[in-house]
Amino acid sequence: MKTAEELRNILDRIDHRGYPAYKDTKGSYDFGKYVLTIEHVQGDPFAAPSRVSLKVSGRTAGFPASLYGEKHRRVALQDYLLRQVGRMVEEFSFRARGSGKSGLMWVSRCGQEILERSACEVDSADGSVLLRMEIGFPANGRTVNSGELKKILFDFLPQCVGRTLFYAALPAEKLKENAELADDQLFIRENLEKAGLVAFIADGAVLPRASGVSDRPMQGAVPFKAPESLAVTLTLPHKGKLRGMGIPKGITMIAGGGYHGKSTLLEAIERGVYNHIAGDGREYVITDDTAVKIRAEDGRSIKKADISLFIRNLPNGRDTKAFSSEDASGSTSQAAAVVEAMEAGAGVLLIDEDTSATNFMIRDELMQRVVNRNMEPIIPFIDRVRELYEKEGLSTVLVAGSSGSYFRKADCIIQMDCYKPVDITEFAKQEAEKFPVFLAETPAYERPSFDRRPAPDGAFWGNERLKLKAMGLDGISLNKEVIDLRYVEQLVDTEQLNALGYLLRYAGRHLFNGKSTLAEIAERLGTLLEEKGLSFLEEGGGLPVGLAMPRKQEILACMNRFRSLKMTGWEMERKR
Ligand code: ADP
Ligand code: MG
């Protein structure tokens, strides 16, 4: 390893030379309190910025093992550190000047959710801290301006990390609170199952967001308060007693008039698969972390999904046991979403009528009388929702303000009344009894087949020039093709999409073999992420700065939407 002084010498030597001379700075330098590694140097001042990492040894960083020994605490510490660094870096970014991206200093920006990110890693064994960031190496035109880079590396950066990556520089009390919140969140998550719940929403929680474009809590919102009959009181390890609404396993319907807060409650439950930061308003809203939001998604692609549970006997004779479409309808897309969620191991389905295909959700009585069952390919979700729970243990939380049909099916009915939940289960059930039912016979339940196996495609995946790019939260582009993820609503951070791109590439290179099923592949990736974090995605060229951990469910959702994915399975088997 070289010394910081040597880096200074290199910079002095290359000043005023052509930009590529910056490549000479690649390497690791001992800065005393940390090691700076220049991993990748940009080709010119307008290209993607250079990548550097800083590693502080465990002893120098000085965090007590209690803050990082357990995984949930480590993730919370990483998140905390990254937010502190982020604030500092923002102050210094572009203070050094020049053309193009000269002077840019950037670390991942964290939103309201606490995610594991490649930007900051604390080693669970020795407590060392690794920070990854991007720096725009300064230039005048296309000439090296190493004086400006010296400001960044020898002045700004030491200030940024000096006040953030060391235990002694941080408020111990805040770090403790941060870790304790993580303990409490984990406690709730682990106790959902025991308490027979799929979600917990604490009293006092603030569910609505500031606006459609801001994920921060709404000011002056009506705080959440559980109705007595659904109230659960948990005793958290640090916060102590916490009362809130427990959504029981089974089928729960969220009813109520328009604008009374139904969708807001469901959205909070959707996000509850992640932990939220203190002050978010949803830090004690915790959902079974396998829960999957299901919605209609016209136009998506479907590959050999067995949707026969919901759709069969199509007029064109198309097979629905291995159904493919490049332009799915609302109902077929939603049917595929349910089956794919099962394939991804979901324990809960979250559905909002606002974003559902009506013909997938219900068929009213009159329609059942007039159009005979055998003329209707769709077996609506309402006719399967109980079987899904009873045979698969798959719960459903459903927002329905306009159709009372689900009253009969639901175990629990919550009415949102001016943003306050009211338990109306008994009343709604009584009223439902008064309506005679005409029920067409539903074909027997048959477990869907999950026999879908991505075929190997070495030419595509092995290509060194395979281009991956996340497009905000909208999707990923792979070479020229776009994987549309706009409607995969539990993706909350662009960096998760970055990671999905790398995960897909990894799967393409190592796991798509025509033998492993999609579910097995997602499971394998989930295990790798769990055990190794994001680092196994590094395949030459270093780990990108901005990756955030997605769930197994979104990994599968992403593969399911990749139109060029070659899939074998089903048909092949049956022909034998
Ligand atoms: P619904 O789905 O029942 O039609 P929404 O959940 O979309 O209703 O909520 C309607 C509006 O009320 C939204 O603008 C939302 O931000 C706001 N809102 C939701 N919950 C609260 C609350 N607890 N306090 C204040 N405003 C809220
Ligand atoms: Mg709504």
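For the range 233-245, filtering for residues that are within 16 Å of ligand 1 (Cβ to nearest atom) and among the aliphatic types (A, V, I, L, M) leaves 1. Among the residues of the range 263-285, just one is assigned to a strand (DSSP E or B) and within 15 Å of ligand 1 (Cβ to nearest atom), namely V285. Applying the selection to the range 397-419, what residues are more than 16 Å from ligand 2 (Cβ to nearest atom) and among the charged types (D, E, K, R)? Residues satisfying the conditions are R408, K409, D411. Just wondering, is there one or more residues in the range 525-547 that are of a type in the set (V, I, T) and surrounded by fewer than 19 Cβ atoms within 10 Å (Cβ to Cβ)? Within the range 525-547 (the criterion being of a type in the set (V, I, T) and surrounded by fewer than 19 Cβ atoms within 10 Å (Cβ to Cβ)), the answer is yes, since at least one residue qualifies. Of the strands (runs of 3 or more DSSP E) contained entirely in the range 358-469, those carrying at least 1 residues that are under 30 Å from I483 (Cα atoms) and of a type in the set (A, V, I, L, M, F, W, C) fall at 395-399. Condition (residue is over 16 Å from I251 (Cα atoms) and at pLDDT below 95) applied to the range 403-426: is it met by at least one residue? Looking for residues that are over 16 Å from I251 (Cα atoms) and at pLDDT below 95, one finds none in the range 403-426, hence no.
Taking the criterion of being buried (at least 20 other Cβ atoms within 10 Å of the Cβ) and either under 21 Å from H72 (Cβ atoms) or within 12 Å of ligand 1 (Cβ to nearest atom) (or both), the residues of the range 246-262 that qualify are I254, A255, G256, G261, K262. Going residue by residue through the range 345-367, is there one that turns out to be touching a Phe, Trp or Tyr at 6+ places or on another chain (Cβ under 6 Å) and surrounded by fewer than 20 Cβ atoms within 10 Å (Cβ to Cβ)? Yes: one or more hits. If you go through the range 342-381 and pick out every residue that is within 23 Å of T287 (Cα to Cα), away from ligand 2 (no atom under 16 Å from the Cβ) and touching a Ser or Thr at 6+ places or on another chain (Cβ under 9 Å), you end up with 8.
Helices (runs of 4 or more DSSP H) fully within the range 1-95 that include at least 3 residues being buried (at least 19 other Cβ atoms within 10 Å of the Cβ): 4-14, 71-92.
The values are calculated or read from the model by the stated rules, or taken from the named source; none is laboratory data. Note that the structure is predicted; figures quoted are calculated from it, not measured. Counting neighbours? That spans all protein chains shown, and the Cβs are built from the backbone with ideal geometry, glycine included.
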